[in-house]
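The values are calculated or read from the model by the stated rules, or taken from the named source; none is laboratory data. These numbers come from a predicted model, not from an experiment. Because the Cβ atoms are built from the backbone with ideal geometry, glycine has one as well, and the counts that use them run over all protein chains shown. In case anyone asks, the SASA skips ligands and DNA or RNA and just uses the protein heavy atoms, side chains included. Shrake-Rupley method; radii C 1.70, N 1.55, O 1.52, S 1.80 Å.
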Amino acid sequence: MDGVLVDFPQNTATNTNRPTQLLDDDARAAKRKMWRDIESNTHFWHDLPAIPHIHAMLYCAMDIGEIFVLSKTPNAKNFIAGQDYVDFVAKEKRTWILKKLPIFFDDNHIIICDTPKGELIKPTQNHILIIEDRKSVV
């Protein structure tokens, strides 16, 4: 979802898609603080805006074939509430998709996982995987 469907706020220092072990101590602390700030904002996931022109992109994708959302939850170790908060995030992501994009997705077309997405899908000539493209993503 992040950067593909949702305009998830990020910057180079706190990029959630960068492995923590690749960050210096300051960036690691900033990333930890970012997750704690997110956890303390009960409406964070609900209030995320869709990226501009997402409907046009999804209509194009629908012309090609069936579409699914594959989204990963953050690691439980990032949060004070641990796995309980991760479960909350999964529910919030699913709710966001169903509320903001009901024309394109139903519950059967949403996959929320807590494992690396690459373990679940291997794009082939018949599948397209759309990922976020930011210079700071490794």
Taking only the stretch 53-69 into account, find how many residues are open to solvent by 30 Å² or more (accessible area, probe 1.4 Å) and under 16 Å from the mean Cα position of the chain (by Cα).
1
Inside the stretch 87-128, the number of residues satisfying the requirement of being among the small types (Gly, Ala, Ser) and at pLDDT below 70 is 1
Given (1) open to solvent by 60 Å² or more (accessible area, probe 1.4 Å); (2) over 13 Å from the mean Cα position of the chain (by Cα); (3) over 21 Å from residue 111 (Cβ atoms), where does residue 27 come up short, assuming only one miss?
(1)
Flag for residue 131 being open to solvent by less than 60 Å² (accessible area, probe 1.4 Å), part of a loop (DSSP other than H, G, I, E, B) and at pLDDT below 90:
no
Extreme residue, most open to solvent (accessible area, probe 1.4 Å), among residues of the stretch 5-24 that are of a type in the set (Val, Ile, Thr) and modelled with pLDDT under 85
12
Flag if residue 61 is of a type in the set (A, V, I, L, M) and under 19 Å from residue 42 (Cα atoms)
no
Taking the stretch 70-99 as the search range and keeping residues that are crowded, with 17+ Cβ neighbours inside 10 Å and of a type in the set (D, E, K, R), which one is nearest to residue 20 (Cα to Cα)?
72
Of the residues 24, 84, 37, which is more than 17 Å from residue 117 (Cβ to Cβ) and touching a helix residue (DSSP H, G or I) at 6+ places or on another chain (Cβ under 9 Å)?
84
Which condition does residue 46 not pass, out of (1) part of a helix (DSSP H, G or I); (2) touching an Asp or Glu at 6+ places or on another chain (Cβ under 9 Å); (3) open to solvent by 30 Å² or more (accessible area, probe 1.4 Å), if it passes all the others?
(1)
